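**Student:** If you scroll down you'll find the structure; I have some questions about it.
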Amino acid sequence: MNHDDHVRLIARAFDTTGGVWADFGAGTGAFTLAIRDLAGPDCTIYAIDRDQPALRSLREKMDRRFPGTQLHTVEGDIRRPPELPPLDGIVAANALHYVDRRQQAATMRSWNSLLEPGGRIVLVEYDTNDASSWLPHPISFSQLGRLAREAGFPAPALLTTHPSRWGNRFYSASIAGYLRAST
């Protein structure tokens, strides 16, 4: 896939520019750059990944392509995200399938606490249930519906699909955050 493919996969989740977004499992930044392309120069992006060299590479790419972008790279684990300001959205592309199935719903619940009211989670995953060494805990779109319910979210909305050269296809989905009970 190239940059235009990354943008197309998540474009329908962006109805305005600006805002505060996070890329969970950012790696070297393919989807971080797509977020910046869609959210524009007035956005703030938090890129979270456990791989510090990948985050340094992402910083270099962002500075070359979109100088002046408010990008914060954070070394961390998406299962226990760091404290962040309230987010308009979270993009997790090819990241949640690395979380053990038994922890996926709890991980998604923890993400909800980071969202502004009206915020959303945008997932990009392989549309398969067949595990492999590079896809240890796959989440097909039909499985995502069950996972969202288990985590307390409304049903996900399919945004689009894209063929994968490894077989099957990618899908992108948007899941609206849910309101937390006030204390």
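**Student:** Could you identify the single residue in Thr28, Thr32, Thr17, Thr44 that is of a type in the set (Ser, Thr, Tyr) and surrounded by 22 or more Cβ atoms within 10 Å (Cβ to Cβ)?
**Tutor:** After applying the criteria, what remains is Thr32.
**Student:** When both residues are 6+ apart or on different chains and their Cβ atoms are under 7 Å apart, which pairs have a first residue that lies in segment 130-144 and is assigned to a loop (DSSP other than H, G, I, E, B), and a second that is of a type in the set (Lys, Arg) and modelled with pLDDT of 95 or more?
**Tutor:** Once the first residue is assigned to a loop (DSSP other than H, G, I, E, B) and sits in segment 130-144, its partners that are of a type in the set (Lys, Arg) and modelled with pLDDT of 95 or more give His137/Arg101.
**Student:** Now for a different question. Do the conditions hold for Arg59, that is, is it over 21 Å from Gly19 (Cβ atoms) and part of a helix (DSSP H, G or I)?
**Tutor:** Numbers: over 21 Å from Gly19 (Cβ atoms): no; part of a helix (DSSP H, G or I): yes.
So Arg59 fails the test.
**Student:** For segment 110-128, state whether one or more residues are farther than 17 Å from Gly89 by Cβ, charged (D, E, K, R) and loosely packed, with under 13 Cβ neighbours inside 10 Å.
**Tutor:** Pass one, segment 110-128, residues farther than 17 Å from Gly89 by Cβ: 126-128.
Adding the requirement that they be charged (D, E, K, R) leaves 127.
From what is left, the residues that are loosely packed, with under 13 Cβ neighbours inside 10 Å are none.
Taking every residue of segment 110-128 in turn, none turns out to be farther than 17 Å from Gly89 by Cβ, charged (D, E, K, R) and loosely packed, with under 13 Cβ neighbours inside 10 Å.
**Student:** Among the residues of segment 47-56, how many are assigned to a strand (DSSP E or B) and surrounded by fewer than 23 Cβ atoms within 10 Å (Cβ to Cβ)?
**Tutor:** Of the residues in segment 47-56, the ones assigned to a strand (DSSP E or B) are 47-49.
Still in the list and also surrounded by fewer than 23 Cβ atoms within 10 Å (Cβ to Cβ): none.
Going through segment 47-56 one residue at a time, the tally reaches 0.
**Student:** Now a separate question. Considering only segment 146-159, state which residues are more than 15 Å from the chain's Cα centre (by Cα), crowded, with 16+ Cβ neighbours inside 10 Å and small (Gly, Ala, Ser). Don't jump to the end; show me each part of the working.
**Tutor:** Step one: filter segment 146-159 for residues more than 15 Å from the chain's Cα centre (by Cα), giving 146-147, 149-155.
Then keep just the ones that are crowded, with 16+ Cβ neighbours inside 10 Å; that gives 147, 151, 153.
Passing the criteria: only Ala151.
**Student:** Within segment 23-54, can you find the residues that are over 17 Å from Pro86 (Cβ atoms) and of a type in the set (Asp, Glu)?
**Tutor:** Asp37, Asp49, Asp51, listed by residue number.
**Student:** Can you tell me which residues in segment 59-85 are under 30 Å from Arg102 (Cβ atoms) and either out of contact with any Leu (no Cβ under 8 Å at 6 or more places or on another chain) or surrounded by fewer than 20 Cβ atoms within 10 Å (Cβ to Cβ) (or both)? Let's see the steps before the verdict.
**Tutor:** As a first pass, look at segment 59-85 and keep what is under 30 Å from Arg102 (Cβ atoms): 73-85.
Correct list: Val74, Glu75, Gly76, Asp77, Arg79, Arg80, Pro82, Glu83, Leu84, Pro85.
**Student:** Please count how many residues of segment 1-46 are among the aliphatic types (A, V, I, L, M), outside any helix (DSSP H, G or I) and modelled with pLDDT of 95 or more.
**Tutor:** Our first condition is that a residue be among the aliphatic types (A, V, I, L, M); within segment 1-46, this holds for 1, 7, 9-11, 13, 20, 22, 26, 30, 33-35, 38-39, 45.
Then drop every residue that is not outside any helix (DSSP H, G or I), which leaves 1, 20, 22, 26, 45.
Restricting the remaining residues to those that are modelled with pLDDT of 95 or more gives 20, 22, 26, 45.
Adding up the residues that qualify gives 4.
The values are calculated or read from the model by the stated rules, or taken from the named source; none is laboratory data. Please read these numbers as outputs of a predicted model, since none were measured by experiment. Using ideal geometry, Cβ is built from the backbone for each residue, glycine included, and neighbour counts are taken over all protein chains shown.
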